[in-house]
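The values are calculated or read from the model by the stated rules, or taken from the named source; none is laboratory data. None of these values were measured; they are calculated from a predicted model. Methodologically, a virtual Cβ is constructed for each residue, glycine included, from the backbone with ideal geometry; neighbour enumeration extends over all protein chains shown.
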Amino acid sequence: MTDKTPCPLSSSRADRISGDVAVAGDKSISHRALMLASQVQGTTQISGLLEGDDVLATAKALARLGVVVTRKSAGRWEVAGVGAGGLKESKDVLDMGNSGTSARLLMGLVTPYPFTTFFTGDESLRARPMARVIVPLSQMGATVTARENGRMPLAVIGTDKAQAIRYELPVASAQVKSAILLAGLNVAGKTTVIERARSRDHTENMLRHLGFVVDIAVQPDGTRIISLAGKQAVLQADREIQVPGDPSSAAFLAVAALLCPGSHIIIRNVCVNPLRTGLFVTLEEMGGTIAFRNERVVAGEKIADIEVTHSKLQAVEVPANRAPSMIDEYPILAVAAAFAEGETVMHGLGELRVKESDRLAAIVQSLAVCGVTARAEGDSLFVRGGNVRGGGAVKTHFDHRIAMSFLVMGMASQEPITVDDAAAIKTSFPNFVELMNGLGAKITPPSTCAKASVDTPLIVAIDGPAASGKGTLARRIAEHFGLDYLDTGSLYRAVGMKLVYSGKDPHDREEAMHAAEAIDAEDLANPRLRQERIGQAASIVSAYPEVRGALLEFQRNFAKGKKGAVLDGRDIGTVVCPNAQFKFFITATLYARAKRRHRELQGEGIEVVFESVLEDLRERDERDEKRAIAPLKPAADAIIMDTSTLDASEVFAKACAIIAGKIPN
């Protein structure tokens, strides 16, 4: 499995990208070639197989299920098929690594067997939901025992009495469709999947190429009804499968060539199945010079050579119905959009929230740290294009597509871009760095990480009035730079909570001091802290010198941690950490802050009148500004940021740019 040692990389501006190359085999087709070759009698020779960690996880799992899978040479593999019904119970847990495709499809494959199969994966995969495939497989007769919300580790208890089903996909999903069809191979009767919106059809194409009969009926409204009779008598034969190049991998090369002046590349033998070419269609709409040459059909898949030349791009609006044909390419499309003139809008991206990471949030955050204005609203992504500053340190969340996309951005941005961990790239594109550098990229290990020196922990102080957005900013900065985080307001809220819930008066100084001395970590995690009455009590007790003194040492000790720290409150830069390397004072108009707090409370299911929220904030501002001890005001050297008209991503981008620009490299 993948080495989990972090592998940071930095990408600098390239002179141009040029060459005539081939990319690694398509990952989706590689998975299916191995699995479906196991379900026919005879030996299947597979060429061009992607040897990334995800596909290797599939090969290893099949071997544990009794299939002889042999690597003959680089990209050439041999599978000795056992036929439908020929799998054996695995004596060990099947570790799927980071591969959701391996997990979901193999869950379907083992459903019609009277044994139990255990599945697990890495931290990222264990956090991803499997309910969408558990539901139909359970209808077929499998019993699935999983963690909360259908998460791994899980066990599929199969049955030799599995039943064929007719299942309508709630959302377009090639993985769910394929899991059902793979289960249906060994089930008596006709298994049918209905899809209102088309998803990748590699499974249907591969089944037909291997000799299975798959019936597909297209309704007038475009609905597809896919039916497969189980236990088909496919003739025993030796077969060959040529896996074409992965269009998702080719996408990174294509965008790099479009963005870097003087570039021209040809990418050979790429899968151009119409259900996989949404990105290329979109790039052409944006003004990209892209041509498909030498089109042909191999092993049931349409392939071509793709020629790309540097082009000036224009913003476009990408419809939601195109999402299934390019769902994995939105990170690199967002990078292309960052350089396009105007604002590009992409709709129908809900699926990105359950990828290797919350990929939609990761795209917005990564663009922000590189100086690009972007936001997500519902399932839509908005990216404002122009000259890209770069210079950011991107947190990948072990997501291979985020890592590769922002290394491509660094090839055309004004300043180099660093990704914190490129190790995940091996799951889908093992030779990405070598190939890109061979075409003219400048991807190298960074000389240093974007943090303060080891001798001086980085301390960021963030102050401001209530509901200004300082807490959101502080949490995001802490996560991005790998720092500890303390919401100091929660300390005062904890004091107020102890008083309120013990029936004590917040105006009693002595009781407040005793409460401050007694708070602990459990108090700081109590959900009651966010209640309005607790906030009011916190504002009262925070004015007492006795309380502030009791909490001051706690805060300063926290800031001295080896990792460095981000603290937010109302006197961090002036009193708690006056020597912090970075001090921000985040503010906004009273009305803007009241609107934010009102939305926040409504989102938590708390019914409150807007006018009362407005009045509460007005009173708290007055108390904070007039208290005798440490009144609310910016430190003399603080950077003041008015967030009244900015969203959280824009504030985060500005703050990160300031910090990254002053940290030694």
Exercise. Can you find a residue in the range 263-270 that is touching a Pro at 6+ places or on another chain (Cβ under 8 Å) and part of a strand (DSSP E or B)?
Worked result: yes
Exercise. Somewhere in the range 39-52, is a residue modelled with pLDDT under 95, small (Gly, Ala, Ser) and surrounded by 19 or more Cβ atoms within 10 Å (Cβ to Cβ)?
Worked result: yes
For this session: Would you be able to say whether some residue in the range 47-56 is under 19 Å from residue 104 (Cβ atoms), under 31 Å from the mean Cα position of the chain (by Cα), of a type in the set (Asp, Glu) and not assigned by TED's automatic domain parsing to the domain that holds residue 429?
Result: yes
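Can you give me the number of residues within the range 243-252 that are of a type in the set (A, V, I, L, M, F, W, C), assigned to a helix (DSSP H, G or I) and in contact with a helix residue (DSSP H, G or I) (Cβ under 7 Å, 6 or more places away or on another chain)? Don't jump to the end; show me each part of the working.
Restricting attention to the range 243-252, the residues satisfying the condition of being of a type in the set (A, V, I, L, M, F, W, C) are 243, 250-252.
Checking which are assigned to a helix (DSSP H, G or I) leaves us with 250-252.
Now restrict to residues that are in contact with a helix residue (DSSP H, G or I) (Cβ under 7 Å, 6 or more places away or on another chain): 251-252.
Here the count works out to 2.
Collect the residues in the range 483-515 that are among the basic types (Lys, Arg) and touching a residue at least 24 places away in the same chain (Cβ under 8 Å), keeping them in residue-number order. Outline the logic, then answer.
Residues of the range 483-515 that are among the basic types (Lys, Arg), as a first pass: 493, 498, 504, 509.
Residues satisfying the conditions are 493, 498, 509.
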Problem set entry | Only one of 511, 517 that is surrounded by fewer than 16 Cβ atoms within 10 Å (Cβ to Cβ) and out of contact with any strand residue (DSSP E or B) (no Cβ under 9 Å at 6 or more places or on another chain) | 517
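Please work out if residue 619 is more than 24 Å from residue 544 (Cβ to Cβ) and modelled with pLDDT under 90.
Numbers: more than 24 Å from residue 544 (Cβ to Cβ): no; modelled with pLDDT under 90: yes.
Against the criterion (more than 24 Å from residue 544 (Cβ to Cβ) and modelled with pLDDT under 90), residue 619 does not qualify.
Inspect the range 553-566 for any residue being surrounded by fewer than 17 Cβ atoms within 10 Å (Cβ to Cβ) and in contact with a Ser or Thr (Cβ under 6 Å, 6 or more places away or on another chain) and give the result as yes or no. Break it down into steps so the answer makes sense when it comes.
First, pick out the residues of the range 553-566 that are surrounded by fewer than 17 Cβ atoms within 10 Å (Cβ to Cβ): 553-554, 556-557, 560-563.
Narrowing further to those that are in contact with a Ser or Thr (Cβ under 6 Å, 6 or more places away or on another chain): none.
Scanning the range 553-566, I find no residue that is surrounded by fewer than 17 Cβ atoms within 10 Å (Cβ to Cβ) and in contact with a Ser or Thr (Cβ under 6 Å, 6 or more places away or on another chain), so the answer is no.
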Exercise. If residue 579 passes every condition in (1) part of a loop (DSSP other than H, G, I, E, B); (2) polar (S, T, N, Q); (3) surrounded by 14 or more Cβ atoms within 10 Å (Cβ to Cβ) but one, which one does it miss?
Worked result: (3)
Exercise. Are any residues in the range 597-615 in a loop (DSSP other than H, G, I, E, B) and surrounded by fewer than 13 Cβ atoms within 10 Å (Cβ to Cβ), and if so, which ones?
Worked result: 604, 605, 606, 607, 609
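What are the residues in the range 178-209 that are part of a loop (DSSP other than H, G, I, E, B) and either surrounded by 22 or more Cβ atoms within 10 Å (Cβ to Cβ) or not assigned by TED's automatic domain parsing to the domain that holds residue 38 (or both), if any?
Of all residues in the range 178-209, those part of a loop (DSSP other than H, G, I, E, B) come to 185-189, 196-201.
Scanning the range 178-209 gives 185, 186, 187, 199, 200, 201.
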Seminar exercise, completed: Counted residues in the range 465-503 being hydroxyl-bearing (Ser, Thr, Tyr), in a loop (DSSP other than H, G, I, E, B) and surrounded by fewer than 21 Cβ atoms within 10 Å (Cβ to Cβ) come to 1
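Counting just the residues of the range 385-416 that are of a type in the set (Ser, Thr, Tyr) and in a loop (DSSP other than H, G, I, E, B), which one comes out modelled with the lowest pLDDT?
Quick first cut of the range 385-416, residues of a type in the set (Ser, Thr, Tyr) only: 396, 405, 413.
Next, only the ones that are in a loop (DSSP other than H, G, I, E, B) stay: 396, 413.
Values: 396: 89, 413: 96.
If we take residues in the range 385-416 being of a type in the set (Ser, Thr, Tyr) and in a loop (DSSP other than H, G, I, E, B), then 396 is modelled with the lowest pLDDT.
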Exercise. Just checking, which of 382, 280 is assigned to a strand (DSSP E or B) and either modelled with pLDDT of 95 or more or not assigned by TED's automatic domain parsing to the domain that holds residue 101 (or both)?
Worked result: 382
For this session: Scan (1) modelled with pLDDT of 80 or more; (2) farther than 22 Å from residue 592 by Cα; (3) of a type outside the set (D, E, K, R); (4) loosely packed, with under 15 Cβ neighbours inside 10 Å for the single condition residue 635 breaks and write down its number.
Result: (4)
Exercise. Going through the range 152-177 one residue at a time, which ones are touching a residue at least 40 places away in the same chain (Cβ under 8 Å) and either part of a helix (DSSP H, G or I) or aromatic (Phe, Trp, Tyr) (or both)?
Worked result: 174, 175, 176, 177
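This table checks each residue for (1) touching a residue at least 60 places away in the same chain (Cβ under 8 Å); (2) of a type in the set (A, V, I, L, M, F, W, C); (3) outside any loop (DSSP other than H, G, I, E, B).
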{"site": "211", "(1), (2), (3)": "yes, no, no"}
{"site": "226", "(1), (2), (3)": "no, yes, yes"}
{"site": "236", "(1), (2), (3)": "yes, no, no"}
{"site": "241", "(1), (2), (3)": "yes, yes, yes"}
{"site": "254", "(1), (2), (3)": "no, yes, yes"}
{"site": "258", "(1), (2), (3)": "yes, yes, yes"}
